[in-house]
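K.L.:
Let me give you the structure first, and then I'll get to my questions.
Readers should treat all values here as calculations from the given coordinates under stated rules, not as data from a laboratory. It should be emphasised that the depicted structure is a prediction, and the values quoted were computed from it without experimental measurement. Cβ atoms come from the backbone with ideal geometry, glycine included; neighbour counts cover every protein chain shown.
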Amino acid sequence: MKLGALVGGSATVIGPEATVADAAEILVSSGLGSLGVIDERQLVGIFTERDVVRCVSAGSDPEEVLVADWMSDAPDTFSPDVDCEEAAAWLLEVGYRHMPVMGDGELLGIVSIRDILWAIISGD
């Protein structure tokens, strides 16, 4: 199975100027573990539930600090044509849990390690 089969063609996103509290609210309400960070129609980062934890554990106020302060800048991105087994090997090598999938310069979605494991186990 290819990564493109795991994304719906759109991603849940947030701007870098949003607060960490705003991002946390979106993560909880959507049931997602990550958000694409978009600025001027470009993917500039990825913000994850781990970033919320890092922010709070550092003593920062999520109502005051910005997503830009805690996101991972310039994340690695993947084509929708990448095979799930290849993606799984890459995730194991680098230790990430989320992979932005880009097509024609647009963020199509963010695939989680759970999505990839499901695809591999289901054998589709």
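K.L.:
In segment 51-104, how many are under 14 Å from Asp115 (Cα atoms) and in contact with an Asp or Glu (Cβ under 7 Å, 6 or more places away or on another chain)?
P.N.:
0
K.L.:
Still on this structure: Just to be sure before I move on: is Val20 more than 22 Å from Trp118 (Cα to Cα) and crowded, with 16+ Cβ neighbours inside 10 Å in the structure I sent?
P.N.:
Yes; evaluated as a whole, the condition is true for this residue.
K.L.:
Filter segment 1-11 down to residues that are outside any helix (DSSP H, G or I) and of a type outside the set (Lys, Arg), then give me how many there are.
P.N.:
Of the residues in that region, 6 qualify.
K.L.:
Next up: How many residues are in contact (Cβ under 8 Å) with a residue 12 or more places away in the chain, farther than 17 Å from Ile110 by Cα and surrounded by fewer than 16 Cβ atoms within 10 Å (Cβ to Cβ) when one looks only at segment 67-93?
P.N.:
Of the residues in segment 67-93, 1 are in contact (Cβ under 8 Å) with a residue 12 or more places away in the chain, farther than 17 Å from Ile110 by Cα and surrounded by fewer than 16 Cβ atoms within 10 Å (Cβ to Cβ).
K.L.:
Which of the residues spanning segment 94-105 are in contact with a strand residue (DSSP E or B) (Cβ under 9 Å, 6 or more places away or on another chain) and free of Cβ contacts under 8 Å to residues at least 12 places away in the same chain?
P.N.:
Hit for segment 94-105 is Gly105, nothing else.
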